[in-house]
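Chemist: Just passing along the structure, written as structure tokens.
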Amino acid sequence: MSDDGREAEAVIEYERTLTEVADRQAVDEAEDAVARAWIAELDDMRREGLRLAMAVRVAERVAREKLRKAQQLGHPHELAKAHAKLAATQAETKVSLGHANALLCSVDAELEAVCQAGMARTRRNEQDLRRLRSAWTAAYGRS
């Protein structure tokens, strides 16, 4: 094959590579947009989980304070009521904190997956740019 034939093939290969890289970059940009939206949703979920944990802790603190007041007043009926309320609140706290923890763990796992996918796209983009640079050099003889 002549040099002109090889050069023409190299130009065709460069153009094919350029099209592939451009197509993949368009997909990656769309995936990045979806990832940003998902991260915003995950951030909202994380805040909700933290609010839940904070709210149940506040409820437990209030129940403890009511128990202290009942102890200070010394009314047996109020004291029994305050003990029962604290026990119920502590049980609810345990369950609610378990739910909040599960939610936060799930959010963390999703965030990790989104980050890993983003890093994979970055590595793929770097490889694509190296391929494109190599194809351009083969077609046009300069780097």
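Only the coordinates and a few stated rules stand behind these numbers; no lab work does. Predicted model only: the values in this text are computed from it and were never measured. When we count neighbours, we look across all protein chains shown, and the Cβ atoms used for this are built from the backbone with ideal geometry, even at glycine.
Chemist: Could you give the length gained by full extension between E78 and E13, i.e. 0.36 nm per residue of separation minus their alpha carbon distance, to one decimal place?
Modeler: Contour length minus the Cα-Cα distance gives 14.9 nm.
Chemist: What is the distance in Å between the Cα centres of segment 110-143 and segment 1-48?
Modeler: Here the two parts' Cα centres lie 8 Å apart.
Chemist: Can I ask one more? Summing -39500 (n - 2.57) over the DSSP H runs of n ≥ 4 in the chain and dividing by its residue number, what mean residue ellipticity at 222 nm do you reach, to the nearest 500 deg cm²/dmol?
Modeler: Rounded to the nearest 500, the figure is -36000 deg cm²/dmol.
Chemist: Excluding same-chain residues fewer than 8 positions from K69, which lysines have a Cα within less than 16 Å of its Cα?
Modeler: Straight-line reach from K69, under 16 Å: K81, K85.
Chemist: Order by neighbour count: T122, T89, fewest other Cβ atoms within 10 Å first, most last.
Modeler: On the way: T122 12, T89 20.
Ranking T122, T89 by Cβ neighbours within 10 Å, fewest first, gives T122, T89.
Chemist: Return the label of the correct value of Cα extents along the principal axes in Å, as calculated from the structure shown, out of (1) 41, 32, 30; (2) 105, 18, 17; (3) 66, 61, 38.
Modeler: It is the value labelled (2).
Chemist: Same structure again: Taking the Cβ of each residue in E65, E31 as the centre, tally the other Cβ atoms inside 10 Å and list the residues starting with the fewest.
Modeler: Arranged by neighbour count, lowest to highest, E65, E31 become E65, E31.
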